[in-house]
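**Q** Once you've had a glance at the structure underneath, I'll fire off some questions.
Read-outs: derived from the displayed coordinates by stated rules, not from any lab. Keep in mind that what you see is a predicted model, and the values were worked out from it rather than measured. Every residue, glycine as well, gets a Cβ built from its backbone with ideal geometry; the counts of neighbours run over all protein chains shown.
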Amino acid sequence: MPIAAAVKLTVRATILVAVLLAASFAVWAIQPRQHVENGNPPPPGTQPPPCPNSVGLCIERTVTRVLDGDTVEVDGGLRIRLVLVDAPETYEAGGSEATAYLTDLCLGKRALIDEDDGQVGGDAYGRTLAAVHCGGTNANAALISSGRAGTYFQYCSVSEFGDDAWSGCSSPPPPGNCDPAYPDVCIPPPPPDLDCGGISYRNFRVLSPDPHHFDGDGDGIGCEA
């Protein structure tokens, strides 16, 4: 082969190799790459389950109605009682504020309903007892931390969430003008003479003399639901 032809062939081969290398680099450059820290690849990109080890309901629904400071209704007509949250009734002091707060937080939003594994099946009113996460915010925790609701201490020992910091169950009920006949909740002595409709507590321990007569059947439990 003439020298000139050999040189041309070598040049062409060199150009072809260069083009192939450039194309390979371009393809590599646009491929997504995982970030590696400390020389180790990250774990698989899976998110933890929304309701770890759940035996109760774990569903997402849109909140269609807020009934009061601790009860919502979601699409499908399912009513949810925010577990361990003790908000004032709508007719009590602070009740409208708690309701408005929960409305702003949840109404119309997609909510994760994590049923309390310790109280599966709902309460006496047919409501599902659950932690409700509205738009990623734990509404139960938000109500308690904001001071618009307290901790429902009566159920701390049976709730799945009783050990969670947000529940407030690790702290004793706040001191106040509490009648000793009701040691697990804080109910002031009369006057006025209260009935079960005037308080939010249910199924609490009652000792003699029961000045408000919450324990009508004398079994030691007041305002049984």
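**Q** Along Cα→Cβ, 7 Å out, is where each label goes; now give me the distance between the ones at I221 and D184 in nm to one decimal.
**A** In this crude label model, I221 to D184 measures out at 0.9 nm.
**Q** Residues of segment 59-86 with the amide nitrogen closer than 18 Å to a label point 7 Å from the Cα of V120, along Cα-to-Cβ, please.
**A** Answer for this model: 59-60, 81, 83.
**Q** Tell me, what HN-Hα J-couplings in whole Hz come from the Karplus equation 6.51 cos²θ - 1.76 cosθ + 1.60 at θ = phi - 60° for each residue of segment 120-133, using x for Gly and Pro?
**A** So the J values, rounded to whole Hz, are 5, x, x, 9, 5, 9, x, 8, 7, 8, 7, 8, 10, 9.
**Q** Assuming 0.36 nm per residue, please report the length gained on full extension of the stretch T64 to D164 beyond their Cα-Cα distance.
**A** Length gained between T64 and D164: 33.3 nm.
**Q** According to the square roots a ≥ b ≥ c of the eigenvalues of the Cα gyration tensor, what is the shape class of segment 58-167, taking rounded for a/c under 1.5, prolate for a/b larger than b/c otherwise, and oblate for the remainder?
**A** Because its axes are fairly even, with a/c under 1.5, segment 58-167 counts as rounded.
**Q** Among C178, L102, T64, whose Cα sits farthest toward the positive end of the charge dipole of segment 57-185 (+1 at Cβ of Lys/Arg, -1 at Cβ of Asp/Glu, about the Cα centre)?
**A** After comparing all options, I get T64.
**Q** Return the distance in nm (one decimal) between the two label points of a simple spin-label model at S146 and D104, each offset 7 Å from Cα along Cα→Cβ.
**A** Roughly 0.6 nm, to one decimal.
**Q** How big is the Kirkwood radius of segment 172-225, worked out from every pair of different alpha carbons and given in Å to one decimal?
**A** Final number for the Kirkwood radius of segment 172-225 is 11.1 Å.
**Q** In a shell of Cβ-Cβ distance under 15 Å around C58, excluding C58 itself, what net charge do Lys and Arg (+1) and Asp and Glu (-1) give?
**A** Details: positive: R61, R110; negative: E60, D114, E115, D116, D117, E160.
Neighbour charge sum, excluding C58 itself: -4.
**Q** Order these peptides, 202-213, 112-123, by their mean beta-carbon neighbour count within 10 angstrom, highest first.
**A** Numbers: 202-213: 15.8, 112-123: 18.7.
Ranking the peptides 202-213, 112-123 by packing returns 112-123, 202-213.
**Q** Something else about it: Counting only residues 5 or more places away or on other chains, whose amide H sits under 5 Å from the amide H of T62 once H atoms are built in the peptide plane?
**A** Amide H neighbours of T62: D75, A111.
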